[in-house]
Every structure is written in structure tokens, then in C-alpha cells.
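To start, the structure under review is shown below, and the notes come after it.
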Amino acid sequence: MSLIKKISKLFKKEDLNNKNNEEELFNFDMLFVDKIEQLPKESYFPISQYQAFKIAEQNENLKSDYFRNADKYISYLDFTDCKVELLQLNDKQYWLIKITDGEVSSIYTDEFGNSTFTDGTFGEEPLKKLQCLVDVNTGEYIYYPEK
């Protein structure tokens, strides 16, 4: 969850009515925890979940594939949270990496040459394009968008 989302939850009335949520929301140490750094760095396999994310995050991998498949010009991408699952396909095992949160900046240019710069987070449709596989043994990267 992004820092802005966590801070906004602090001010929602319905969250403050629940004592358990109140204690969780006011744990300021958790506001700055990097979700990616919490991925397991040790693994039974040669490639850990953390290493697989780092492979996916490289500019020439998931970011480039998303850029090629996006319907707008992307100027900046940052992945802040993901799900990593073990998947078996064709007698091989992979880490399936699904980006669940992040930040994106885009540039739109209209027919008159006016440019608009936007910053935000990923919506539901773009997140479907932000998936990949990383071989648990070799680290081979495969783009794997949700169809």
C-alpha cells in the first residue's frame, strides 16, 4: 500500500471506529516499510522471490514490456508492491510476479502539440499487463500479461 493511501486511511472515520484498525493505522513505523524489501530473500530454489522481483523490475524486462503494450507514453514507472506465487508450466517452475501497486507518470500530447504530464497509480486494467514469470532455477524472464 502506498504511503499516500496509508495516510488517507488515518483520516477515514469508519477506520477509526475499529480499535484494532486504530492501533494498526497509528503504527507510524509501518507507514515507511518497503513491501518489496519484505519479500523472502532466501529460498529452496536458486532464485528467491526477492531476486525474481529484482529481475522483473529491471528496465529491460517488465518495465519495457509494459511500455511497449501501454496505450500511452510512459515517462516513469515504480513498482511498490507485488504478489509472488509459485507456478508450474510445462514441467518448469516459475515465480509468477503480479504488480499490485506502483506509481506511473505519463505524457499526453494533443493534436495542437500541447503536452499534459500526469502522475498517479496503476488502475485495474494496467495491472493486468504488469505480470511476468521468472524461472526459479535460471532466472529467465518471460513476459506473462493477464489475457
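The values are calculated or read from the model by the stated rules, or taken from the named source; none is laboratory data. Nothing here was measured: the structure is a model prediction, and the numbers come from that model. Here Cβ is always computed from backbone atoms with ideal geometry, including for glycine, and neighbour counts include all displayed protein chains. For accessibility, only protein heavy atoms count, side chains too; no ligands or nucleic acids. Shrake-Rupley method; radii C 1.70, N 1.55, O 1.52, S 1.80 Å.
Give me the accessible area per residue for the stretch 103-147, probe 1.4 Å, as a whole number in Å². Numbers along the way, then the final one.
Numbers: 2830 Å² over 45 residues.
That works out to 63 Å² for each residue.
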Task: From phi via Karplus (6.51, -1.76, 1.60), per-residue ³J(HN,Hα) for the stretch 97-110 in Hz, x at Gly/Pro - done: 10, 10, 6, 10, 7, x, 10, 9, 10, 10, 10, 10, 10, 7
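Pairs K35/K147; K41/K128; K54/K98; K54/K147: which are spaced more than 22 Å apart, C-alpha to C-alpha? Each step should come with its number before you reach the end.
Working: K35/K147 26 Å; K41/K128 25 Å; K54/K98 13 Å; K54/K147 24 Å.
In this structure, K35/K147; K41/K128; K54/K147 exceed 22 Å between Cα atoms.
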Task: Integer Hz, Karplus 6.51/-1.76/1.60 couplings in order for the stretch 46-62, x for Gly and Pro - done: x, 10, 7, 4, 5, 4, 4, 4, 4, 5, 4, 6, 4, 3, 7, 9, 4
- [ ] Would you kindly find the accessible area of Y73, with a 1.4 Å probe and non-protein molecules such as ligands, DNA and RNA excluded, rounding to the nearest 10 Å²?
- [x] 120 Å²
Open item on the list: Explain nothing, just compute: Karplus ³J(HN,Hα) = 6.51 cos²θ - 1.76 cosθ + 1.60, θ = phi - 60°, for every residue of the stretch 83-91 in order, whole Hz, x for Gly and Pro.
Closed with: 10, 10, 10, 7, 9, 10, 9, 6, 6
Open item on the list: Taking R0 as 22 Å, what FRET efficiency do you get between S115 and F67 from their Cβ-Cβ distance, rounded to the nearest 0.05?
Closed with: 0.80
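Whenever you get a sec, compute what percent of the accessible area on the stretch 49-97 sits on carbon and sulfur atoms (1.4 Å probe).
Values: 1100 of 2760 Å².
Looking at the stretch 49-97 in its full context, I get 40 percent from C and S.
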